[in-house]
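Data first, discussion second: the structure below is written as structure tokens.
The values are calculated or read from the model by the stated rules, or taken from the named source; none is laboratory data. Only a predicted model underlies this, so the values are computations on that prediction, with no experimental measurement involved. Cβ placement follows ideal geometry from the backbone for every residue including glycine, while neighbour counts extend to all protein chains displayed. Surface areas here come from the heavy atoms of the whole protein model, side chains and all, with no ligands, DNA or RNA. Shrake-Rupley method; radii C 1.70, N 1.55, O 1.52, S 1.80 Å.
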Amino acid sequence: MSTFVAILGLAFLILIHEAGHFFTAIAVRMRPRKFYVGFPPPLARVRRRGIEYGIGTIPLGGYVKIPGMHRPAARDLDFRLQPVTRRVPSLVPKVEGVKRLLGAGDYDGARYALEDLDSALRQAGEPTDGLTDVRDALSDDAYWRQVAWKKILVIFAGPGTNALFAIVVFAILFMTGGGKPTATIDQVVPKTPAAHMSLRAGDRIVAIDGHPVKPSDIPLRISSSHGRPLTLQVHRGPRILILGPTRPEKIQGVYRLGFALKGSGLPLPAAAWQSVKLTGAVSRDIVTSLTHLVHKKGREQISSPVGIVRGSSAAVHQGTDTYLWTLGLISLSLALLNLLPLLPLDGGHILLSLLEAVRGRAIAREVYERFSAVGIALVLLLFFIGLSNDVGRIGGG
């Protein structure tokens, strides 16, 4: 069940990412052609105002089709129409006519010629599906025809939505108990020193090794023990108990007993500010870690979707709050990863749109394709490195 919840959470993050692209494209009159929950082929679909809405067979995330991501080229017709022209050779002149206009950059002329070709295909009893992508790319609302700010806004909206989701989730958690710590135990992690010393959720720590402590001092007193056995004095209902002595364990370089303290909820303004500060700090750490990918230790930190689901599944077992913190961090990571300046990632499209705006003219289709090939190779490399790391972690227990 926890794995299902983890997969559902990752799918939701992908869906809101695509929804960001979708609604922003509509807002700037760059009408998407499709919006799917899940990935095609469709299980069910309906068309409203020129947009196909559907539920995909592959239940992961979502899919948005924005028209004309690249300016159309003559070869775009070859793949779709070669079988048709072999069956109906009389269509060849019309197909070649459209290709010549596309090659010459006469897109208005190509649009009219394409409609003529559409009529000829219908008269010959042939399907016209092969013209759809080229027709979309020649439309006035095609992505490549738009001014730079519109293209950048639509592309940035995807990772921007993921980042906004993280900020909102963090703010809610700060409001509901993730703010200033109290001395009360919120949860005890199983199979840790805290569990072995019979510490329970609801216990209130009043002293460590006989010395009274403030809530903010508790983590520091434990981490500064350097593994020395500690005793805890706690209030459990009307009773005062002495637990331990127990040695803290070194977890991720810090000595811990294995419990979490309850936090007092913050008011909305303070929670929002703490959320923004946390998002900035985590973003800085993620960007710093990305710059270390050239080193072996940096590459060892990469995770694939398998590792993300595994980590999320473990967080589900630790409670709703822990899972939501994890989901927010994953959403923020997805936002920053998608902003890497590589195609087909969003950052690659933003970079090329900025370059086109600076140059004052379009970048050649061939440059897009070469840049995309390099980007796909690097993304696949990162994926397989992450997958290899995840398999090693699972195998190592």
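Summary of values
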{"item": "Conditions (1) touching a residue at least 24 places away in the same chain (Cβ under 8 Å); (2) open to solvent by 20 Å² or more (accessible area, probe 1.4 Å); (3) out of contact with any Asp or Glu (no Cβ under 7 Å at 6 or more places or on another chain); number of the one not met by ARG33", "result": "(3)"}
{"item": "Helices (runs of 4 or more DSSP H) enclosed by segment 89-182 - at least 1 residues per element that are at negative phi and over 31 Å from the mean Cα position of the chain (by Cα)", "result": "92-103, 107-123"}
{"item": "ALA207 over 30 Å from ARG361 (Cβ atoms) and either open to solvent by less than 10 Å² (accessible area, probe 1.4 Å) or in contact with a strand residue (DSSP E or B) (Cβ under 7 Å, 6 or more places away or on another chain) (or both)", "result": "yes"}
{"item": "Filtered residues of segment 210-229 (kept if open to solvent by less than 60 Å² (accessible area, probe 1.4 Å) and either of a type in the set (A, V, I, L, M, F, W, C) or in a strand (DSSP E or B) (or both))", "result": "VAL213, ILE218, ILE222"}
{"item": "Which numbered condition SER353 misses (of (1) polar (S, T, N, Q); (2) open to solvent by 70 Å² or more (accessible area, probe 1.4 Å); (3) modelled with pLDDT of 85 or more)", "result": "(2)"}
{"item": "Breaking point among (1) open to solvent by 40 Å² or more (accessible area, probe 1.4 Å); (2) closer than 23 Å to PRO32 by Cβ; (3) in a helix (DSSP H, G or I); (4) without any contact (Cβ under 8 Å) to a residue 24 or more places away in the chain, for ARG80", "result": "(4)"}
{"item": "Selection from segment 72-88 of residues that are more than 42 Å from the chain's Cα centre (by Cα) and not β-branched (Val, Ile, Thr)", "result": "ARG86, ARG87"}
{"item": "Odd one out for SER198 among (1) in contact (Cβ under 8 Å) with a residue 40 or more places away in the chain; (2) closer than 20 Å to THR322 by Cα; (3) surrounded by fewer than 18 Cβ atoms within 10 Å (Cβ to Cβ)", "result": "(2)"}
